[in-house]
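The values are calculated or read from the model by the stated rules, or taken from the named source; none is laboratory data. Note that the structure is a prediction, hence the values are computed from the model and not measured. Glycine gets a Cβ as well: all are built from the backbone with ideal geometry, and neighbour counts include every protein chain shown. All accessible areas refer to the heavy atoms of the entire protein, side chains included, with ligands and DNA or RNA removed. Shrake-Rupley method; radii C 1.70, N 1.55, O 1.52, S 1.80 Å.
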Amino acid sequence: MDEIDFRLADGRILHGYDSAPGDDGRLAVVWHHGTPNLGVPPAPLFDAGEWLGIRWISFDRPGYGGSTAAPGRTMASVAADLTTVLDTLGIGTFALMGYSGGGSFALASAAILRERVEAVATFAAIAPYDASGLDWYDGMVASGLASLHAAAAGRDAKVRHETSGVEYDPEFTASDIALFDGPWGWLGSVAGDNAMPNGPDGVIDDDRSYVLDWGCDPATITAPTLLVHGTADGIIPCSHGKWLSANLPTAELELHQNLGHVSVLTQAEPALEWIREQTG
């Protein structure tokens with residue numbers, strides 16, 4: 001795994017990852033990480049990635065890991081960061097995969113980089129904050145409501161919330177907790193304090209981006225899109241997946257009964273196979 005510091009036009013550093021540097025024979029799949037995680041590609045999918053011929057590309061979003069914070073960033077601005085990464089590495093077309101809030105960043109990247117995107121797969125993606133007909137907060141766990149209401153009140157309010165000593169309770173389901181005993185226990189190595197050695201800017205600006213205008217329209221995505229959601233998800237309720245499915249012309253929705261926000265990742269390997277099928 002190569003780790004690369006990309007210098008952006010505004011002087012920021014974006015810390016990136018490339019699992020097969022220079023190997024243009026593999027399909028480049030861009031991984032968009034969840035909140036609050038590092039951007040390192042998903043180790044539980046490495047074996048499948050090998051036999052499927054996948055080259056993983058990813059980066060720590062601004063404020064995480066080795067990437068410079070960018071207060072006020074949006075889905076669209078992160079897509080611009082991705083463009084720099086891809087162009088620097090000489091990658092033309094690619095596929096996208098995103099987990100949790102990272103699923104929304106993947107969708108935004110697909111909307112902006114349309115002709116370059118071959119396929120998109122997301123797990124528990126968040127719908128736009130202004131989604132018409134969606135009760136955006138309905139069904140969220142108490143900690144999620146508090147965190148996102150603070151973000152909606154402005155960046156200063158979100159900073160106060162994150163520095164108040166409040167503890168986030170994800171209210172994981174039994175199936176979520178069980179998943180940590182297997183390969184996806186890897187999530188613990190890329191989450192929380194490990195992801196934010198320089199303070200909480202990453203989670204602050206992620207949550208702010210979820211309640212800001214995306215700066216693009218996901219309905220313009222032209223690539224085949226797979227939306228995977230668990231019906232027991234209380235962090236990002238499956239109503240978000242249903243809304244996205246109804247409003248993205250190229251999307252199909254897989255709803256999995258009794259899967260929660262973490263256990264939905266049991267469907268990640270089949271989704272990676274689906275991406276390979278779409279791209280030949």
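Estimated from the Cβ-Cβ distance and a Förster radius of 41 angstrom, the FRET efficiency linking Glu3 and Ser132 is about 0.50.
Taking the Cβ-Cβ separation of Asn198 and Glu277 as r and a Förster radius of 51 Å, what is the calculated FRET efficiency to the nearest 0.05?
For R0 = 51 Å, the calculated efficiency reads 0.80.
Taking only Cα atoms of region 227-273, what ratio of Rg to Rh do you get with Rh as the Kirkwood inverse-distance radius?
0.96
Using the rule -39500 (n - 2.57) for each DSSP H run of four or more residues, divided by the residues of the chain, the 222 nm mean residue ellipticity is -10000 deg cm²/dmol.
Taking all protein chains as they are arranged and a probe of 1.4 Å, the heavy atoms of Glu162 leave approximately 60 Å² accessible to solvent.
The listed residues Leu148, Leu89, once ranked by accessible area (1.4 Å probe) with the largest placed first, stand as Leu89, Leu148.
Considering only Gly22, Tyr64, Leu113, the residue lying farthest towards the positive end of the dipole of region 2-279 is Leu113, judged by Cα position with unit charges set on Cβ. Taking 8 Å as the Cα distance limit and 6 or more residues as the minimum spacing, I'd like the relative contact order of region 2-279 as a percentage. Once normalised by length, the contact order is 23 percent.
Per residue, how much space in cubic angstrom lies within the convex hull of the C-alpha atoms of region 2-279?
Details: hull volume 31.6 nm³, N = 278.
In region 2-279, the Cα hull volume divided by residue count equals 114 Å³.
Rounded to the nearest 20, the Cβ-based charge dipole of region 149-265 about its Cα centre (Lys and Arg +1, Asp and Glu -1) stands at 220 debye. Remark on region 143-233: ratio of C-alpha radius of gyration to 2.2 N^0.38 Å is 1.30. Seen from every direction in turn and averaged, the convex hull around the alpha carbons of region 124-280 projects onto 10.2 nm².
Here the chain is assigned +1 on the Cβ of each Lys and Arg and -1 on the Cβ of each Asp and Glu. Its dipole about the Cα centre then comes out at about 460 debye.
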